[in-house]
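One structure is given here, and the rest of the page talks about it.
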Amino acid sequence: MSAPLPLCVVGGGSIGMRHIELTQTSEQTRLTAVVEPVEARRAELRDMGLPVVATLDEVPGDTRGAVVATPTPDHATSGASALARGMAVIVEKPVAGTLDDARTLVAAADRAGLPLFTGHHRRCHPFSLQAREALAQIGTLVAVQGCWSLRKHDSYYEAEWRRKPGAGPLMTNLSHEIDLLRFFVGEVEEVTALLSSAARGHEIEDTAALAFRFDSGALGSFLMSDAGASPWSFEAASNENPAIAGSGQDYLRLIGNEGALEFPSLTRWGRGAPGEIEWSKPLARTPGPELAAVDPLLAQVERFAAVVAGGSDDVLCTGADGIAALEMTLAAALSRHRGRPIRRGEVPGDYNGT
């Protein structure tokens, strides 16, 4: 086993704290510093016994990796600063606030010859890895249907910025879903969005209905809402977030011409009788495998450490993958404004979704 990766975490907020905890937990990483520009927060972190600095310039010189967990508008700036100091980088999703910033960041990593990954950690669950194999058993993919609906508590919206454009489920939650769909299905060609703010009455949307066309020809639909109470969401299905109640209910269905797959349980429906698979014949149900639960953020940082040590990885979300997820997230927002489908390549480089 190689020596632990000396790693800093940029940003001491709630997401940063998760990365700090896991960096300290893993035997494959060693926390060298927490970079936090806000003095009052630095004092709080220092009281926790953490090695805190105000800027990347103050990070110990042996640091070889950085996790950027700052607000989205800062992702490109802090990511580029870490790369300029010779650090490999994981930048939390979305990879940047605009496509121009994201492309600049990825280009900087390419010039430096350093790994850059986007923090779409859902790929690292065992059920996500096995889903790609299970999809081969349902024939040619025809359609995908998803539902992410969790009712956020009313006090969540006491902060004014959470009621403003850019803070609704479209820009907050959709990029994770698009990355996972790309991981399973392939590139998204176009997206159409219908939005509503009728449930909460805020300036931002509380509900979005989305339609996707994939390069393969498959179609997809996805419903998202932070006002509708339901058991259907990735977090409720996977129990990955301790702040969100689990349900164990699948939230995604993938349909092929020879069967269907429920996710994340990996319950498969397929051939139940000889001959052509058609509607008069019942489908056979095959329960999904029992898989060990993992902390996907821990799995992500350990995969990252292995890459920095010289290994390769085909699961982590690359910078280019992060750009693709960001582009179609922004395309959904742009579809709302233009009232029509938005294809890949149509999103202006400086568009931020508002």
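Brief remarks on what is shown
- In segment 330-354, residue least open to solvent (accessible area, probe 1.4 Å) [restricted to those that are touching a Ser or Thr at 6+ places or on another chain (Cβ under 6 Å), modelled with pLDDT of 95 or more and not small (Gly, Ala, Ser)]: 342
- Candidates are the residues of segment 244-260 that are in contact with a strand residue (DSSP E or B) (Cβ under 9 Å, 6 or more places away or on another chain), within 24 Å of residue 229 (Cα to Cα) and in contact (Cβ under 8 Å) with a residue 40 or more places away in the chain; the one that is surrounded by the fewest Cβ atoms within 10 Å (Cβ to Cβ) is 253.
- Cβ-Cβ under 7 Å pairs, at least 6 apart or on other chains, segment 87-114 side over 26 Å from residue 297 (Cβ atoms), far side open to solvent by 50 Å² or more (accessible area, probe 1.4 Å): 100/350
- Output for segment 131-146, where each listed residue is in contact (Cβ under 8 Å) with a residue 60 or more places away in the chain and either at positive phi or not in a strand (DSSP E or B) (or both): 131, 134, 135, 137, 138, 139, 140
Conditions (1) open to solvent by 50 Å² or more (accessible area, probe 1.4 Å); (2) in a loop (DSSP other than H, G, I, E, B), marked per residue:
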{"site": "262", "(1), (2)": "no, no"}
{"site": "265", "(1), (2)": "no, yes"}
{"site": "293", "(1), (2)": "yes, yes"}
{"site": "307", "(1), (2)": "no, no"}
{"site": "310", "(1), (2)": "yes, yes"}
{"site": "324", "(1), (2)": "no, no"}
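- Count of residues meeting criterion [part of a helix (DSSP H, G or I), open to solvent by less than 10 Å² (accessible area, probe 1.4 Å) and closer than 18 Å to residue 312 by Cβ] in segment 84-122: 1
- When 274, 289 are checked against the criterion of being in a loop (DSSP other than H, G, I, E, B), touching a helix residue (DSSP H, G or I) at 6+ places or on another chain (Cβ under 9 Å) and open to solvent by 50 Å² or more (accessible area, probe 1.4 Å), 289 stands alone in meeting it.
The values are calculated or read from the model by the stated rules, or taken from the named source; none is laboratory data. Since the model is a prediction, treat every value here as computed from it, not as a measurement. As a convention, Cβ positions derive from the backbone with ideal geometry for all residues, glycine included, and neighbour counts pool all protein chains shown. For the accessible areas, the whole protein counts, side chains as well, though only heavy atoms, and no ligand, DNA or RNA atoms are used. Shrake-Rupley method; radii C 1.70, N 1.55, O 1.52, S 1.80 Å.
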